[in-house]
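Engineer: Please find one structure pasted underneath; my questions will follow.
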Amino acid sequence: MLDLKRTDVVGTTGNVRRVRPDEVPTLREISISTFVDTYAEHNTAENMASYIEKAFHDDRLLGELNSENSRYYFAEFEEDILGYLRLNFGTAQTNQSLENACEIERIYVAKNFQGLKIGRTLYEKAIKSAQNAGSEWLWLSVWDQNEKAIGFYENLGFTVFGRNDFKLGTEEQSDLLMRLPITVR
C-alpha cells in the first residue's frame, strides 16, 4: 500500500469504491496510519494505542462493513489506497439528534496525498450516497482542535450545530458537530 509518489497522483482525484469484507486488513492499515498521522502528536502513546485497538480491531471493522447502515469506501489510484470514507445511516449514527440524516464518521486521506482534492472526492461520494438514501442532512463530528479539518468542512458549507464529548483512551476531548443540508446538486 502507498508505493507510489505524490507526483504520480497529481492531476487525478482517484477512484472511489466500496470496501469489500475481504479487505479488512487494508482498511485497518489505512485507518491506523491516517489516525496516527492526524492525532499522535496531540495525544499520549497509551491513549492512542487504547483507541486504535478498540476502534480498528478486525472483528469490529468486519462487523461495520457487514452492517446495512454503515458503508466504507476507498479512494484509490491504480492499486494504491489513498484514503477512505465511512458513512452511517439510521441507528448506526453516533448521534441521533438529526432526523433523516447521514453521518460522515470518518474521512481520511493519507498524509502524502493531502491537498490533491482526494478528500473532496470522498466528500462528493458522501453527498451522492446521502442523496440516494433520501437524507436531508449530512453531518459529522470533528475534534475542536483540528483547525485544518474544521476549515475544510467550513469551506464545503458545513456549520456548527453542537458539541459532543469524545474519549480518546483516558482523555476527554471535545468535538464540534457540523452539518450541511442536502440539496439536489
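The values are calculated or read from the model by the stated rules, or taken from the named source; none is laboratory data. The structure displayed is predicted, hence computed values, not measured ones. Heads up, the Cβs are rebuilt from the backbone with ideal geometry, glycines too, and the neighbour counts pull from every protein chain shown.
Engineer: Which count do you get for residues in region 56-111 that are of a type in the set (Gly, Ala, Ser), at pLDDT 90 or above and farther than 13 Å from Ile30 by Cβ? Can you show your working first?
Structural biologist: Step one: filter region 56-111 for residues of a type in the set (Gly, Ala, Ser), giving 63, 67, 70, 75, 83, 90, 92, 97, 101, 110.
Filter once more, keeping what is at pLDDT 90 or above: 63, 67, 70, 75, 83, 90, 92, 101, 110.
After this cut, where a residue has to be farther than 13 Å from Ile30 by Cβ as well, the list is 63, 67, 70, 90, 92, 101.
The total comes to 6.
Engineer: Does region 122-135 contain any residue that is of a type in the set (Ser, Thr, Tyr) and farther than 16 Å from Ile182 by Cβ?
Structural biologist: Looking through region 122-135, none of the residues is of a type in the set (Ser, Thr, Tyr) and farther than 16 Å from Ile182 by Cβ.
Engineer: Another question, if that's okay. Tell me which residues, restricted to region 134-185, are in a strand (DSSP E or B), more than 18 Å from Asn43 (Cβ to Cβ) and among the small types (Gly, Ala, Ser).
Structural biologist: Gly162
Engineer: Now for a different question. Of the conditions (1) surrounded by fewer than 21 Cβ atoms within 10 Å (Cβ to Cβ); (2) of a type outside the set (Gly, Ala, Ser); (3) in contact with a helix residue (DSSP H, G or I) (Cβ under 7 Å, 6 or more places away or on another chain), Cys102 clears all except one; give me its number.
Structural biologist: (1)
Engineer: Could I ask something else about it? Modelled with pLDDT of 95 or more, within 22 Å of Gly169 (Cα to Cα) and among the aromatic types (Phe, Trp, Tyr) - does that describe any residue in region 23-44?
Structural biologist: Checked region 23-44: at least one residue is modelled with pLDDT of 95 or more, within 22 Å of Gly169 (Cα to Cα) and among the aromatic types (Phe, Trp, Tyr).
Engineer: OK, next. Applying the selection to region 49-73, what residues are within 17 Å of the chain's Cα centre (by Cα) and among the hydrophobic types (A, V, I, L, M, F, W, C)?
Structural biologist: Ile52, Ala55, Phe56, Leu61, Leu62, Leu65, listed by residue number.
Engineer: Within region 5-14, is there a residue that is under 18 Å from the mean Cα position of the chain (by Cα) and modelled with pLDDT of 95 or more?
Structural biologist: Looking through region 5-14, none of the residues is under 18 Å from the mean Cα position of the chain (by Cα) and modelled with pLDDT of 95 or more.
Engineer: Which of the residues belonging to region 110-123 are in contact (Cβ under 8 Å) with a residue 60 or more places away in the chain and either within 21 Å of Leu138 (Cβ to Cβ) or buried (at least 20 other Cβ atoms within 10 Å of the Cβ) (or both)?
Structural biologist: Ala110, Phe113, Leu116, Lys117, Ile118, Arg120, Thr121, Leu122 - these are the residues of region 110-123 that are in contact (Cβ under 8 Å) with a residue 60 or more places away in the chain and either within 21 Å of Leu138 (Cβ to Cβ) or buried (at least 20 other Cβ atoms within 10 Å of the Cβ) (or both).
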